[in-house]
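Heads up, the thing below is written out as structure tokens.
The values are calculated or read from the model by the stated rules, or taken from the named source; none is laboratory data. All values reported here derive from a predicted model rather than from experimental measurement. Cβ atoms come from the backbone with ideal geometry, glycine included; neighbour counts cover every protein chain shown. Remember, those area values only see protein heavy atoms, side chains included, never the ligands or the DNA or RNA. Shrake-Rupley method; radii C 1.70, N 1.55, O 1.52, S 1.80 Å.
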Amino acid sequence: MDNKFKLIIDSFGRDRFKFDEPIKDYTASGAGGPVKLFFIAFSKQELIKIISMCKSLRLPYFLFGTGSKIMISDEGFDGLVIKNRTKNIEVLSIKGKATRVGIGLEEATVEVESGVSIGKFVEFLTLQGLSSAEFANMPGSIGGNLFISAVLQSKVKSIKVLDLGEEIEEISVSELRLKKHIILSAVFRLRAKS
């Protein structure tokens with residue numbers, strides 16, 4: 001095995017990786033051949049660390065979330081494939097009014113990590129009494145959809161990204177670029193369900 005791959009494996013532990021893993025089991029299309037090395041990142045810190053290592057070692061890598069928008073050749077990929085399964089969702093602030101009949105929620109800001117599926121996001125918003133109907137039938141994860149969904153983008157207050165220089169930045173939707181940024185999380189401003 002290439003010494004560069006060995007450095008990454010030693011850093012996270014051999015049990016965290018799968019070797020010559022068929023990617024078809026992780027994509028919605030069911031297509032894709034074996035990848036040299038496969039890793040699932042469960043936290044933002046793991047995601048940042050493994051991507052930074054790949055960049056500094058100049059290892060080819062490919063990052064994806066739920067696999068609903070990708071196609072990988074049946075010939076596979078001779079590098080590291082990272083599945084983003086970051087999962088944190090946090091209410092940052094709430095706004096509401098106190099009246100004679102009680103306290104009413106008007107809106108909230110919610111930070112969501114990029115690996116969270118849209119389905120889990122909708123489930124969370126529903127439990128919090130926040131509007132989620134516009135996202136209900138959207139496939140995929142937060143990270144992948146933020147690049148393409150105007151509906152999702154319209155609710156974003158800010159996005160935390162890892163840029164080409166491996167710096168963590170907070171940017172606006174208008175600054176987001178597919179070839180320049182890896183989304184770590186996004187802060188959404190959401191209204192209460194009416």
For the range 47-61, check the following and say yes or no: at least one residue is open to solvent by 70 Å² or more (accessible area, probe 1.4 Å), assigned to a strand (DSSP E or B) and among the polar types (S, T, N, Q). no
Please name all residue pairs, on different chains or six or more residues apart, with Cβ atoms under 9 Å, provided the first residue is in the range 59-79 and is without any contact (Cβ under 8 Å) to a residue 40 or more places away in the chain and the second residue is in a loop (DSSP other than H, G, I, E, B). Phe62/Ile70; Phe62/Ile72
Scope the range 2-45; condition open to solvent by 40 Å² or more (accessible area, probe 1.4 Å), within 22 Å of Glu113 (Cβ to Cβ) and assigned to a loop (DSSP other than H, G, I, E, B); matching residues: Ala28, Phe42
Give the range 145-169 a look and list any residue that's hydroxyl-bearing (Ser, Thr, Tyr) and either open to solvent by 40 Å² or more (accessible area, probe 1.4 Å) or in contact with a Cys (Cβ under 8 Å, 6 or more places away or on another chain) (or both), or say none. Ser154
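Of the residues that make up the range 170-186, is at least one touching a strand residue (DSSP E or B) at 6+ places or on another chain (Cβ under 7 Å), within 30 Å of Arg58 (Cβ to Cβ), open to solvent by 70 Å² or more (accessible area, probe 1.4 Å) and not basic (Lys, Arg)? Let's see the steps before the verdict.
The first filter runs over the range 170-186 and keeps only residues touching a strand residue (DSSP E or B) at 6+ places or on another chain (Cβ under 7 Å), leaving 170-173, 176, 180-186.
Remaining after also requiring within 30 Å of Arg58 (Cβ to Cβ): 170-171, 176, 180-186.
Now restrict to residues that are open to solvent by 70 Å² or more (accessible area, probe 1.4 Å): 170, 180.
Within this subset, residues satisfying the condition of being not basic (Lys, Arg) are 170.
Checking the range 170-186: at least one residue is touching a strand residue (DSSP E or B) at 6+ places or on another chain (Cβ under 7 Å), within 30 Å of Arg58 (Cβ to Cβ), open to solvent by 70 Å² or more (accessible area, probe 1.4 Å) and not basic (Lys, Arg).
Is it true that Lys97 is in a strand (DSSP E or B), free of Cβ contacts under 8 Å to residues at least 60 places away in the same chain and more than 30 Å from Phe5 (Cβ to Cβ)?
Numbers: in a strand (DSSP E or B): yes; free of Cβ contacts under 8 Å to residues at least 60 places away in the same chain: yes; more than 30 Å from Phe5 (Cβ to Cβ): yes.
Answer is yes for this residue.
State the number of residues belonging to the range 12-43 that are within 13 Å of Asn84 (Cα to Cα) and modelled with pLDDT of 90 or more. Full working, then the answer.
Within the range 12-43, the first condition is being within 13 Å of Asn84 (Cα to Cα), and the residues that meet it are 26-27, 38-43.
Cutting the leftovers down to modelled with pLDDT of 90 or more gives us 38-43.
Result for the range 12-43: 6.
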